[in-house]
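The values are calculated or read from the model by the stated rules, or taken from the named source; none is laboratory data. All of these numbers come straight from a predicted model, not from anything done at the bench. Reconstructed Cβ throughout: ideal geometry from the backbone, glycine too, with neighbour counts over all protein chains shown. What goes into the accessible areas is simple: the full protein's heavy atoms, side chains included, and nothing from ligands, DNA or RNA. Shrake-Rupley method; radii C 1.70, N 1.55, O 1.52, S 1.80 Å.
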Amino acid sequence: MPKSKPPRRKRPRHVVSRTRSLLDFYDDLERITAQAEREAEALAAKVPPAELAIMRATCAENRRIFAEGRAELLAPSRTPVLDRLATEARKRAK
């Protein structure tokens, strides 16, 4: 009688690697925004001033949002005791 395979353990990704990938994501968004801004500035002579102002404002708003997201990722936890207890409970469950 063949033995059944044990269930596969779904290991959660390490928090540090998740944070790193999110920071890389924000870096990519920042790079795309900078590229769009450079392209808009290169076409400044052909674009109406109102549209150019909207594009600049949009890029500035995007940068602000990216900075807030990055700061939130790097901020220390607001619930360190709960985080520690949850980590200990997960370790005991294994």
### Accessible area of the chain belonging to carbon and sulfur atoms, whole % at 1.4 Å probe
60 percent
### Number of Lys pairs (Cα under 26 Å; 8 or more positions apart or on different chains) in the chain
5
### Query
How large is the dipole of the chain about the Cα centre if only Lys and Arg carry +1 and Asp and Glu carry -1, each at its Cβ, rounded to the nearest 20 debye?
1460 debye
### Query
Magnitude of the Cβ-charge dipole of segment 48-94, K/R +1 and D/E -1, about the Cα centre, nearest 20 debye?
460 debye
### Query
Hey, with R₀ at 22 Å, roughly what FRET efficiency would Arg92 and Leu22 work out to, going by the Cβ-Cβ distance, to 0.05?
0.20
### Summary
Heads up, segment 36-80 by the C-alpha gyration tensor (a ≥ b ≥ c square roots of eigenvalues; a/c under 1.5 rounded, else a/b over b/c prolate, else oblate) looks prolate
### Message
At R0 = 30 Å, how high is the FRET efficiency between Leu43 and Arg63 if r is their beta carbon distance? Nearest 0.05 is fine.
### Response
0.90
#### Entry: Among (1) 1.13; (2) 3.14; (3) 1.83, the entry derived from the coordinates for Cα Rg over 2.2 N^0.38 Å
(3)
### Query
Say we join alpha carbon atoms closer than 10 Å with springs in a Gaussian network model of the chain; which of Arg64, Arg31, Arg84 then has the biggest fluctuation?
Arg84
### Query
Just the accessible area per residue of the chain, please: how many Å² with a 1.4 Å probe?
91 Å²
### Task
Pick out, from Ile32, Gly69, Ala44, the residue whose Cα sits farthest towards the positive end of the charge dipole of the chain, with +1 on the Cβ of Lys and Arg and -1 on the Cβ of Asp and Glu.
Gly69
